[in-house]
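Below: the structure, in structure tokens.
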Amino acid sequence: MSTESFDTPTSARSTSETAQYASPYSSYSEWSQEEMEMEARREFPLEPRQLSNFLGWFSIGLGLAEILAPRALGRAIGVGDHPAIMRALGVREITSGLGLLSQRATGAWAWSRVGGDAMDLALLGAAARNPDANPQRIAMAATAVLGVAALDVYASRELSGRELPATDEVVSQSLAINSTPQALYAFWRNVENLPRFMAHLESVTATGDRTSHWIAKAPAGMSVEWDAEIVRDDANEGLAWQTVEGSEIQHQGTVRFEPARSGRGTIVRVEMRYVPPAGKVGVQLARILGEEPKVQIKDDLRRLKQLIETGEVATTLGQPTGRRSLIGRTTLGRRMQ
Amino acid sequence: MKAVCWQGIGEIGVETVPDPQILNPRDAIIKVSSTAICGSDLHLYGGYVPTMYRGDILGHEFMGEVVEVGPGVTNLSVGDRVVVPFPISCGNCYFCEKELFSLCENSNPNAHLAEKFWGHSPAGIFGYSHITGGYAGGQAEYVRVPFADVGPMKVPESLEDEKVLFLTDVLPTGYMAAEACDIQPGDTIAVWGCGPVGLFSIQSAKLLGASFVIAIDRFPERLAKAKQAGADVTLNYEDVSVLSTLKDLTGGRGPDACIDAVGLEAHMHGATHIYDRVKQAMRMESDRPGALREAIVACRNGGTVSVPGVYGGLIDKLPFGAIVNKALTIKSGQTHVHRYMRPLLERIENGEIDPSFIITHRIRLDEAALGYEVFRNKEEECVKVVMKPGVEKPTGAHVH
Ligand SMILES: [Zn+2]
Ligand SMILES: [Zn+2]
């Protein structure tokens, strides 16, 4: 391979993709602040990030109320006068709220909320046996806490599964495809087909029987390039490839094509590993891989399945839409429209 | 072109948007001649289905004329008049090969979203939130139809739109719900909800040989239509206790099969209804399953509960003990419309079914906002609203 390509690891590259993703309604100016806020209230949060933000602010709000107005809050929910316990609960809420908002290891913080919810429920139960407690209000408060607890459990499960992985970890995915190992092997062995279903790749060019030059897309029209080589080639069964020695990026991948049971097509199993270097290239690579390499590889496999089974990749990019809101434009981006 | 757009919870508007283009080889563009508002569109309207975005074009019940085909579509020509099934199905995957078209593995570009909610993704659906693909729908002058070589079915010129439009969803949905009941001679079937799906469930149950069909609703005009569809008895749940009347009518045994054609916005009485309303309003429970709970409790031992009604997420207080201890079978699913279109078209052609009896309102496309409001509030005895893009004044506008 030539080392030249890594002298300018990030070349400015205007891709036609960016143009395609721009909505015909990209002028935001006609929107008043009020309208946008109204939108924000109406549309549903999609991403667990937004959910964790919501839970975070909810925790902080509740925590502040517990610390600043323990008696009023106690009366409102009918548990009676226990300012010390209330304040302790407030500290717990704020801690887990800040943890959620800091977005590091959010899964653990969300689970700390679940723990907190259990504590709240236990306390409400204890308060219910207290003579100065109002049973009706406690029941209402318990229902509210139960609902929040359900949301907490949901968010924790979502977030736990999706924390930022160490980029050098091996990511594996598999998908059943209605085709033969032979056909799938032949499709994959022609490495120039890879960008047709691997969304982060702009192009792969064969430079020899086993060698190829890869260009990956990065945000803002930038790109990262490297050379790779097939290191294992089992006809109709599988392939393994890796970046050639001296590359700034280390990338390894294997794919296996296993006949599924009872003739139900082929199970395609992929394992990939990227070891980014420190510095600028590393940052670019992390951006390319996104926050969820596992999800991205699964989506790549889905596109492969669509191509092989139907001859095309299902899409809505380029279809008409009515006037989008700010949220719609920022959330519905590359993936959907 | 003009298209009906979701503009927020409880807000529908007709906007001018770009015309759809062929995006994939197997696409076709249809010029819409008739399109209906579905009960499930009301769930989107009311904000009960997540992943809706302002600007989404609604509508999954539509038909019209082919005006453009991609190079991969060889069975359709420009000028063909077609009805289009609401699920988008590739025809090539494991599920399509088994004729489970609403479970197509290849038509939802947002499958990752659906997997988060449900574990696996169903097929893409026109105009039905981003969790089922975010496809622009057919309440518009034109619509792009993916996998047009698999879905759209040509219909004979001799049959007017109103006779074949409901092959896109509600007629096959009612039919599949009745078919799921595995009706035997002598069977009694109870149907909760006499909207379009309930009415076609009643009609189909009779066609499939049910001896006795009981229809349950609270609107007299809908119960009258249930009679028209073939119901032997109608129950207004505001006047009678449904559970004890059903026992009474079946000698204590209960209906052999129960069909919940109501879905997630059930209207019921008493404390559990308030409980569900509150939880749903606070987004703690997405679905309000009053009819489903009652159907499960009413169903006879070893019977079937068939659920064509739409549920999207979580429900509370489901009497699962009744399901286990009475050995009930639960059948559900989005309709595999492709499977039923041709046999049901035959029944329409030979006069066994005339689905147009459910239509109460015919309006222009730009009257969509009013149509949604009237339908949601069940004003003017509204059961089914049909919109005719391109027609200045549909005959029988606002006439029932
Ligand atoms: Zn429908
Ligand atoms: Zn399919």
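The values are calculated or read from the model by the stated rules, or taken from the named source; none is laboratory data. Bear in mind the structure is a predicted one, so any value in this text is a computation, not a measurement. Note that each Cβ is placed from the backbone with ideal geometry, even for glycine, and that neighbours are counted across all protein chains shown.
Going by the conditions given, is B:Ala180 at pLDDT 95 or above, within 23 Å of B:Ser89 (Cβ to Cβ) and crowded, with 22+ Cβ neighbours inside 10 Å?
Working: at pLDDT 95 or above: yes; within 23 Å of B:Ser89 (Cβ to Cβ): yes; crowded, with 22+ Cβ neighbours inside 10 Å: no.
Spelling it out, it is not the case that B:Ala180 is at pLDDT 95 or above, within 23 Å of B:Ser89 (Cβ to Cβ) and crowded, with 22+ Cβ neighbours inside 10 Å.
Checking A:Val295 against (1) surrounded by fewer than 19 Cβ atoms within 10 Å (Cβ to Cβ); (2) within 15 Å of ligand 2 (Cβ to nearest atom), which single condition isn't satisfied?
(2)
If a residue has to be within 20 Å of A:Lys298 (Cα to Cα), in contact (Cβ under 8 Å) with a residue 60 or more places away in the chain, part of a strand (DSSP E or B) and not acidic (Asp, Glu) to count, how many in segment A:186-241 make the cut?
2
Tally up the residues in segment B:116-174 that are among the hydrophobic types (A, V, I, L, M, F, W, C), within 11 Å of another protein chain (Cβ to nearest Cβ) and more than 16 Å from ligand 2 (Cβ to nearest atom), please.
Within segment B:116-174, residues that are among the hydrophobic types (A, V, I, L, M, F, W, C), within 11 Å of another protein chain (Cβ to nearest Cβ) and more than 16 Å from ligand 2 (Cβ to nearest atom) number 5.
Going by what's in this entry, would B:Tyr135 be described as assigned by TED's automatic domain parsing to the domain that holds B:Glu162, modelled with pLDDT under 95 and within 28 Å of B:Phe375 (Cβ to Cβ)?
On the way: assigned by TED's automatic domain parsing to the domain that holds B:Glu162: yes; modelled with pLDDT under 95: no; within 28 Å of B:Phe375 (Cβ to Cβ): yes.
For B:Tyr135, the condition - assigned by TED's automatic domain parsing to the domain that holds B:Glu162, modelled with pLDDT under 95 and within 28 Å of B:Phe375 (Cβ to Cβ) - is not met.
Considering only residues that are in contact with a His (Cβ under 9 Å, 6 or more places away or on another chain) and more than 10 Å from every other protein chain (Cβ to nearest Cβ), which ones fall in segment B:38-58?
To start, the set of residues in segment B:38-58 that are in contact with a His (Cβ under 9 Å, 6 or more places away or on another chain) comprises B:38, B:40-41, B:49-53, B:56.
Result: B:Cys38, B:Ser40, B:Asp41.
Being among the β-branched types (Val, Ile, Thr) and away from chain A (no Cβ under 13 Å) is the filter; apply it to segment B:83-102 and report the residue that is farthest from B:Ala28 (Cα to Cα).
Out of the qualifying residues, it is B:Val83.
Can you find, within segment B:70-82, the residue that is farthest from ligand 1 (Cβ to nearest atom) among those that are under 26 Å from B:Tyr340 (Cα atoms) and within 14 Å of chain A (Cβ to nearest Cβ)? Full working, then the answer.
Filtering segment B:70-82 for residues under 26 Å from B:Tyr340 (Cα atoms) gives B:70, B:72-82.
Those still in the list that are within 14 Å of chain A (Cβ to nearest Cβ) too: B:70, B:72-74.
On the way: B:Gly70: 26, B:Gly72: 27, B:Val73: 24, B:Thr74: 29 Å.
Once the filter is applied, the top-ranked residue is B:Thr74.
Residue-by-condition table, conditions (1) at positive phi; (2) within 16 Å of ligand 2 (Cβ to nearest atom); (3) touching a strand residue (DSSP E or B) at 6+ places or on another chain (Cβ under 7 Å); (4) not aliphatic (A, V, I, L, M):
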position	(1), (2), (3), (4)
B:Val17	no, no, yes, no
B:Ile22	no, no, yes, no
B:Asp27	no, yes, yes, yes
B:Tyr45	no, no, yes, yes
B:Val49	no, no, no, no
B:Met52	no, no, yes, no
B:Gly55	yes, no, yes, yes
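Could you please tell me which pairs satisfy a Cβ distance under 9 Å, a separation of 6+ or placement on different chains, a first residue in segment B:90-114 that is under 22 Å from B:Val49 (Cα atoms) and of a type in the set (D, E, K, R), and a second residue that is assigned to a loop (DSSP other than H, G, I, E, B) and within 6 Å of ligand 2 (Cβ to nearest atom)?
Close Cβ pairs satisfying both conditions: B:Glu105/B:Cys90; B:Glu105/B:Cys93.
Looking only at segment B:10-64, which residues are within 14 Å of ligand 1 (Cβ to nearest atom) and of a type in the set (Gly, Ala, Ser)?
Just the residues of segment B:10-64 that are within 14 Å of ligand 1 (Cβ to nearest atom), to begin with: B:34-45, B:49, B:58-63.
Hits for segment B:10-64 are B:Ser34, B:Ala36, B:Gly39, B:Ser40, B:Gly59.
Looking at this structure, is B:Phe95 within 6 Å of ligand 2 (Cβ to nearest atom) and aromatic (Phe, Trp, Tyr)?
Working: within 6 Å of ligand 2 (Cβ to nearest atom): yes; aromatic (Phe, Trp, Tyr): yes.
For B:Phe95, the condition - within 6 Å of ligand 2 (Cβ to nearest atom) and aromatic (Phe, Trp, Tyr) - is met.
Only helices (runs of 4 or more DSSP H) wholly contained in segment A:255-337 count here; list those with 2 or more residues that are at pLDDT 85 or above and facing chain B (nearest Cβ under 9 Å).
Working: elements: A:280-289, A:293-310, A:326-331.
Counting at least 2 such residues, we get A:293-310.
Looking at this structure, is B:Cys5 within 16 Å of ligand 2 (Cβ to nearest atom) and within 14 Å of chain A (Cβ to nearest Cβ)? Spell out how you get there, then give the answer.
Working: within 16 Å of ligand 2 (Cβ to nearest atom): no; within 14 Å of chain A (Cβ to nearest Cβ): yes.
Taking the combined requirement at face value, the residue does not satisfy it.
How about segment B:276-313: which of its residues are surrounded by fewer than 18 Cβ atoms within 10 Å (Cβ to Cβ) and modelled with pLDDT of 80 or more?
If the condition is that a residue be surrounded by fewer than 18 Cβ atoms within 10 Å (Cβ to Cβ) and modelled with pLDDT of 80 or more, then B:Val297, B:Asn301, B:Gly302 are the ones that fit.
Among the residues of segment B:89-112, which ones are away from ligand 1 (no atom under 16 Å from the Cβ), in a helix (DSSP H, G or I) and farther than 17 Å from A:Gly311 by Cβ?
Once the filter is applied, which keeps residues that are away from ligand 1 (no atom under 16 Å from the Cβ), in a helix (DSSP H, G or I) and farther than 17 Å from A:Gly311 by Cβ, segment B:89-112 yields B:Phe95, B:Leu103, B:Ala111, B:His112.
Output the residues belonging to segment B:98-115 that are near ligand 2 (Cβ under 7 Å from one of its atoms) and either closer than 15 Å to A:Lys298 by Cα or surrounded by fewer than 24 Cβ atoms within 10 Å (Cβ to Cβ) (or both).
B:Glu105, B:Asn106
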